[in-house]
Amino acid sequence: MDSGQTKNTNSQFISFHDFPSMSHASNLEGQMNTGTSTHQPFNNLSNDSTGIGMIEDLQGINTDKTDAAAQHNFWKVEYYQKFFNVNTNDVLERLKRSMVPHGSDNYLITHIRPNPDLYGPFWICVTLVFSIAISGNMANYLQTASSAKYHWKYDFHVVSYAATCIFLYAWLLPLALWGALKWTYNSRNTEEELIQSYAAPGLLELLCLYGYSLSIYIPVAFLWTIQIGWLQWSLVILATFLSGGVLLRSLLPVITGKHRIIYIAVILGMHLLLAAGFMLYFFHVPSKSTVPVMAELVASSTQTNVLHKAAQNNSYVGSTSS
Amino acid sequence: MYDDVTYTVDPQHIEGEMTIGTKQKSTTLGEPEFNTLDEPIRDTILRDVRAVGKKFFHVLYPKEKKSLLKEWDLWGPLILCTFMAMILQGSTDAADNSNDGGPEFAEVFVIVWIGSMVVTLNSKLLGGNISFFQSVCVLGYCLLPTAIALILCRIILIVQQTTLLFILRFIITMIGFLWATYASMAFLGDSQPTGRKALAVYPIFLFYFVISWLVISHTT
């Protein structure tokens, strides 16, 4: 439907089509402009299609109309369709690129920025929640299967813990990063900004980037069910540095400045903390299977879990406040 | 609209108006010629029950593609969802160690209804041409194979559990899951533009997968 409309506008107004790409480098608002401008009915303007000042006129009309259209459409499904404007091949390509750091091209600039979507992030988060819940239960079963005494029961409520953790990470961290980048961007002088071709990423782009960066944990979650300590830890390290590497490579041109080292530490550290937290909380319960009688070990393991949760909470607070 | 106009034009033929109105209404909806005003209430209820039963049959035997999309109702989804939530709910009594870790009644309800709504919203956002409640209706009716799998698993769970019986339960649940996914794709698969079919099918797959996980994990 969208493509049909853009085709119409293209055939009638080839000169106008360049306008959305002018605001291309800007962030979320720019993206909203390009999205809604394809829905604009330009047919009524075709009478006076001569003159050089047409673009300026159209710009003025367009900005007015965009605001009206955005407010008008806000409660309709069509307003949100631009966030889901992807094909199967796009999503597959983005998934592939988010897992393995590729040669020289910047993942954010070449893949996300032209068309950031919310389909991938949302369904990756949902899939991750349920794959962690399912494989966490499988891991728990494998731990207790050897001892016949312990009657194993599955725990549905892992879903709620995993969902809280993942959705908080995938929404709050990009939000905090976006705010921090915006804050430090103002303090920078404008000449440097002009020389640099990289603009600060918009919120939507960061959400998309972070959502896709979680996709590597889905296969890793199923591999975590194998109850070998060093394998679990090496999977944590591997997953963190593969997808964290893509994250850093994409964001490194943007975060130049004196806070650079802090940004790098926060981005990688949060990623590592998330992976280690998943592994320790959902997959790694050594005390229950080996010694079911000893209450001390159980108590200590729950204590470590609590400590890990507290550490995660602290870092959430820290990241939002920074 | 036309009623008002004819009333003002010809106010003394009110009875004639009413019959014309109902006739026009029935012809536009494509329903058979019957009058719901003076029929026994038993017929009315039985007709609805029969419509629900016919939809259940179409889910189990998904040959006609458009059969479930003609008229939507939410009776079937409500019945199935309530039934599954009742069976699946676990007791959270920690006192006598009977905490089986299962979901609450409301949690199953929320997963089924919010899940099917989110899946429907996803296909709407991707540009699918299907109405909201039609899709919710189809997704709800297609829970029937998983509900049947749940009944069979429940019967198997009565006897002492062995590994062989677990494998049997696993196979039954897998068949229910594949059947549900296949049936819902037969009804909803055509509503998506090409190139996005996989993006719309994946959430449906995930929806039934999660419910099947609940079914296989349900123990006494």
- prompt: What average count of beta carbons from other chains do you get within 10 Å of the Cβ of residues in A:81-89?
  reply: 5
- prompt: Is any residue of the range B:114-151 close enough, with backbone N under 11 Å, to a label point placed 7 angstrom from the Cα of B:Leu74 along the Cα-Cβ axis, and if so, which?
  reply: B:114, B:117, B:133-134, B:136-137
- line: Expected vector for the range A:219-229, Karplus 3J(HN,Hα) from phi with 6.51, -1.76, 1.60 and θ = phi - 60°, integer Hz, x for Gly and Pro, equals x, 5, 4, 6, 6, 5, 5, 5, 8, 10, x
statement: On protein heavy atoms with a 1.4 Å probe, the accessible surface that disappears when B meets A, both sides summed and given to 100 Å², is 2500 Å²
field: Reduction of at least 10 Å² in accessible surface, 1.4 Å probe, comparing all protein chains with the chain by itself, residues of the range B:114-129
entry: B:Val118, B:Leu121, B:Asn122, B:Lys124, B:Leu125, B:Leu126, B:Gly127
- line: Residues hit by the 50 Å² burial cutoff in the range B:175-220, accessible area with a 1.4 Å probe, assembly against chain on its own, are B:Arg196, B:Leu199, B:Tyr202, B:Leu206, B:Trp213
- request: Name the shape class, rounded, prolate or oblate, that the alpha-carbon gyration tensor gives for the range B:106-220, where a ≥ b ≥ c are the square roots of its eigenvalues, rounded holds for a/c under 1.5, and otherwise prolate holds if a/b is larger than b/c and oblate otherwise.
  value: prolate
- prompt: Is the shape of the range A:77-136 best called rounded, prolate or oblate, per the rule: a/c under 1.5 gives rounded, else a/b larger than b/c gives prolate, else oblate, with a ≥ b ≥ c the square roots of the Cα gyration tensor eigenvalues?
  reply: oblate
Accessible area expressed per residue, the range B:119-178, with surrounding protein chains retained (probe 1.4 Å, Å²): 44 Å²
statement: With a ≥ b ≥ c from the Cα gyration tensor eigenvalues, square-rooted, and the rule rounded for a/c under 1.5, otherwise prolate when a/b > b/c and oblate otherwise, the range B:131-189 is prolate
- prompt: From the phi of every residue in the range B:180-196, what ³J(HN,Hα) in whole Hz does the Karplus formula 6.51 cos²θ - 1.76 cosθ + 1.60 yield, where θ is phi - 60° and glycine or proline is x?
  reply: 4, 5, 5, 5, 5, 6, 5, 7, 9, x, 7, 7, 9, x, 5, x, 10
statement: Applied in sequence order to the range B:143-159, the curve 6.51 cos²θ - 1.76 cosθ + 1.60 (Karplus, θ = phi - 60°) yields integer Hz couplings, x standing for Gly and Pro, of 6, 4, x, 5, 5, 5, 4, 5, 4, 4, 4, 5, 5, 5, 5, 5, 7
- prompt: Using the beta-carbon distance between B:Asp190 and A:Leu223 and R0 = 35 Å, what value does 1/(1 + (r/R0)^6) give for FRET efficiency, to the nearest 0.05?
  reply: 0.40
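The values are calculated or read from the model by the stated rules, or taken from the named source; none is laboratory data. All values reported here derive from a predicted model rather than from experimental measurement. A quick note on method: Cβ atoms are made from the backbone with ideal geometry, for glycine too, and the neighbour counts reach across all protein chains shown. The accessibility values were calculated without ligands, DNA or RNA, using every heavy atom of the protein model including side chains. Shrake-Rupley method; radii C 1.70, N 1.55, O 1.52, S 1.80 Å.
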